[in-house]
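For reference, the structure discussed in these notes is given below.
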Amino acid sequence: MKTRKLGSQGLEIPMIGLGCMGMSSFASTGDIYGKADEKESIATIHRSLALGGNFLDTADLYGPFENEKLIAKAIKGKRNEFIIASKFGFEIDASGQVTWRINGRPDYIQKSIERSLKNLDTDVIDLYYMHRPDPNVPIEETVGAMAELVKAGKVRYLGISEVSAEQIKKAHATFPITAVQNEISLFGREVETNGVYELTQAQGIGLVAYSPLGRGFITGQIKSPDDIPADDFRRLIPRFQGEQFYKNVALVRELEQIGMEKQVTPSQLALAWLIQKDIVPIPGTKKVRYLEQNIAATEILLTPEELQRIEAILPVGLDTGSRDVSIPLQS
């Protein structure tokens, strides 16, 4: 797979990453995006590496801790072949329970990094993100504490997630930010209207898209509400409810038409679209066949005409329904 620079601090990664969140169950909500199977998940990570996909995205929140531990098993003996990104910020108490408060205080960051290093069985995390800004702590204070981890050799590069343009400016002025990770897809193009896309391009900060397939909607596999398991958290998201659900299904059908003409899937169209916008998608999957399809999207070149057709179907500002959910999950 081709590689690219992420940001301007020296980190080089594949054109597409692997979101690992769904590979583990959550203590609070159970499986995410279908049944989690450790053996199959590890096989997916290994297949990704064989295809050049060595950029893995996780967080202490996922499980909590179980996802980082799974990755440690998968990369054992091959640590130097992988680029590992993890996150902190959703507070996890001493008993291992998620409080759902955001904690960006320096003392909590120190606890979080030591915990993640242990769970990942590594001495250094390649890219360490602030999962969400703490509303009670200046972002400069949080990033300043993260910078100390770089100086201590525990982290190589810094990232921030779900942030505004103004927060990016303050963070980047404190210490060079390598990557911003926000939810971005054809179903969610807010970064193009709130200044984030323009700012990251201008400042040489990498932009990483989690949920690049609209939490599975753009795959085309969800055609009726019954296709979503009864206990799936997506049933709590307005985008997957009521009349909006069927409007979104119709949009995906239009993407499928372009895909059929090009002999690619709607997922591959959506990933190729992001890549051509200089955004790094990190689609989550735990199945080898979907991983292979996702990686194949890095070889797809969309023509100006195809890009125009996609833009006509899903233009900036189109209402596809709120992405908010009562429990904030990220992939």
For this session: Report the full-extension gain for the segment Arg289 to Asn80: residue separation times 0.36 nm, less the Cα-Cα distance, to one decimal in nm.
Result: 72.7 nm
Exercise. For segment 18-23, in order, what is each residue's ³J(HN,Hα) by Karplus, 6.51 cos²θ - 1.76 cosθ + 1.60 with θ = phi - 60°, in whole Hz (x at glycine and Pro)?
Worked result: 10, x, 9, 3, x, 6
For this session: With viscosity set to 0.692 mPa s and temperature to 37 °C, compute the Stokes-Einstein D of segment 82-151, Rh being the Kirkwood radius across alpha carbon pairs; µm²/s, no decimals.
Result: 266
Seminar exercise, completed: Expressed in angstrom, Rg and Dmax over the Cα atoms of the chain are 18.7, 55
Exercise. Could you give the length gained on full extension between Glu166 and Glu12, defined as 0.36 nm per residue of separation minus the Cα-Cα distance, in nm?
Worked result: 52.8 nm
For this session: Give me the distance between the Cα centres of segment 229-269 and segment 119-136, rounded to whole Å.
Result: 32
Problem set entry | Highest to lowest packing among 57-67, 217-227, scored as the average C-beta count within 10 Å | 57-67, 217-227
Problem set entry | Packing-based order for 128-140, 106-118, using average beta carbon neighbours within 10 Å, highest first | 128-140, 106-118
Problem set entry | For segment 207-331: span of alpha carbons on each principal axis (Å, largest first) | 38, 29, 26
Seminar exercise, completed: Calc'd 3J(HN,Hα), segment 37-43, phi into Karplus 6.51 cos²θ - 1.76 cosθ + 1.60 (θ = phi - 60°), Hz, glycine/Pro = x, comes to 10, 4, 4, 5, 5, 5, 4
Problem set entry | Phi-based couplings in Hz for segment 5-10 (Karplus 6.51, -1.76, 1.60; Gly and Pro marked x) | 7, 9, x, 10, 9, x
Problem set entry | Simple spin-label estimate for Glu141 and Gln221 in nanometres, 7 Å along Cα-Cβ | 4.4
Problem set entry | Residue-level accessible surface for Ser211, protein heavy atoms, 1.4 Å, Å² | 10
Problem set entry | Extent along principal axes [Cα atoms of segment 192-248; Å; largest to smallest] | 44, 19, 18
Exercise. Out of residues 5 or more away from Gln181 or on other chains, whose amide H comes under 5 Å of its own, with H placed 1.01 Å from N in the peptide plane?
Worked result: Ile160, Ser161, Glu162, Val208
Seminar exercise, completed: Percent of all alpha-carbon pairs of segment 142-224 at distances over 15 Å, whole number, is 59
For this session: Report, please, the projected area of segment 55-208 averaged over directions, based on the convex hull of its C-alpha atoms, in nm².
Result: 9.1
Exercise. Going from the alpha-carbon gyration tensor of segment 151-284, what semi-axes, largest first and in whole Å, does one get by taking the root of 5 times each eigenvalue?
Worked result: 31, 17, 14
For this session: Tally the DSSP beta bridges in the chain and give the antiparallel ones as a percent, rounded to 5.
Result: 25
For this session: Per residue, how big is the convex hull around the C-alpha atoms of segment 232-280? Give it to me in cubic angstrom, could you?
Result: 102
Problem set entry | Within segment 105-124: backbone nitrogen closer than 17 Å to the Ala94 label point (7 Å, Cα to C-beta) | 107-112, 115
Problem set entry | segment 14-129 - Rg (one decimal) and Dmax (whole number), Cα, Å | 13.7, 39
Problem set entry | Size-normalised alpha-carbon gyration radius of segment 51-101, reference 2.2 N^0.38 Å | 1.28
Exercise. What ranking, highest mean first, results for peptides 228-240, 170-182 when packing means the other Cβ atoms within 10 Å averaged over each residue?
Worked result: 170-182, 228-240
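The values are calculated or read from the model by the stated rules, or taken from the named source; none is laboratory data. These numbers were taken from a predicted model, which means no experiment stands behind them. Positions of Cβ are backbone-derived with ideal geometry, glycine not excepted, and every protein chain shown enters the neighbour counts. These area figures cover heavy atoms from the full protein model, side chains too; ligands, DNA and RNA do not enter into them. Shrake-Rupley method; radii C 1.70, N 1.55, O 1.52, S 1.80 Å.
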